[in-house]
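Trainee: Please read through the structure below; I'll follow up with questions.
None of the figures in this text is laboratory data; all of them are computed from the coordinates on show. This one's a predicted model, so the numbers in the text were calculated from it and none came from an experiment.
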Amino acid sequence: MKNKISIVFIITSMLFFILSSILILFLFKSSTPLPDLYNEKFETKDEFIQLVYSKTNYGYKKYNIYPSITIAQAILESNWGNSNLTQKGKNLFGIKASKDYKNKVDFPTNEFVDNKKVKVVQSFRAYDSYSESIEDYTNLLGKAKRYESLKKCKDYKEQAIALYACGYSTDPNYPQKLISIIEKYKLYEYD
């Protein structure tokens, strides 16, 4: 009798485990597959967004850098990860390198001088991974005094305007470009 009860208990437990596992897989199945974050590869815009978003938590919690801003800047500055700078230097944010910065690459870029677009060659930081690029971006915006005002912003619109005011970009249309990207792809949902 004891053996029959033990066998029934084991079979019932196994069935419960199997059904629970199936239910969990069904509930957490995503319509958009997550990118392979270890290899940091992406094939679609959704995968690119998820890749960048997956690394924004620290910057948001510690420095109030809105995930929508981080994602929008990565999209704008790297052309969805397709720019030459991103392909060769894994630099998602167009962060420039000083003379003494060790790992850098030179690329032509557009700067605005007196509201006129001028093409110049600049040195940009190069990274070994997108994670390293996002970490450096987070530290730059979070720790540099020139970006202190970002911490006080109450939403992505204020932060887009503050980025331009702090000198992140010389493009006078930079804030509106970021806001447009955020609204087009509903990136505010990540904030």
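Trainee: For region 41-190, what relative contact order do you get, as a whole percent, if you take Cα pairs closer than 8 Å and at least 6 residues apart?
Mentor: Numbers: 210 pairs, mean separation 37.7, N = 150.
Relative contact order, region 41-190: 25 percent.
Trainee: Report, to two decimal places, the Cα Rg of region 41-190 normalised by 2.2 N^0.38 Å (N = number of residues). Don't jump to the answer; show the numbers that get you there.
Mentor: Numbers: Rg = 14.4 Å, N = 150, 2.2 N^0.38 = 14.8 Å.
For region 41-190, the normalised Cα radius of gyration is 0.98.
Trainee: Would you list which aspartates and glutamates come within 18 Å of LYS143, measuring only between C-alpha atoms, while excluding same-chain residues fewer than 8 positions from it?
Mentor: Filter leaves GLU132, GLU135.
Trainee: Got the relative contact order for region 135-191 handy, in percent, Cα pairs under 8 Å and 6 or more residues apart? List each step's numbers first, then the result.
Mentor: Working: 33 pairs, mean separation 12.6, N = 57.
Over region 135-191, the number comes to 22 percent.
Trainee: OK, next. For a quick check: with amide H placed at 1.01 Å from N, whose amide H comes under 5 Å from LYS90's, ignoring anything fewer than 5 positions away on the same chain?
Mentor: Here the answer is TYR127, since their amide H atoms fall under 5 Å of that of LYS90.
Trainee: On to the next question. Hey, can you grab everything whose amide H is under 5 Å from the amide H of LYS104? Only 5+ residues off in sequence or another chain; H modelled, so Pro and N-termini drop out.
Mentor: Residues meeting the criterion, in which the H sits 1.01 Å from N, are ALA126.
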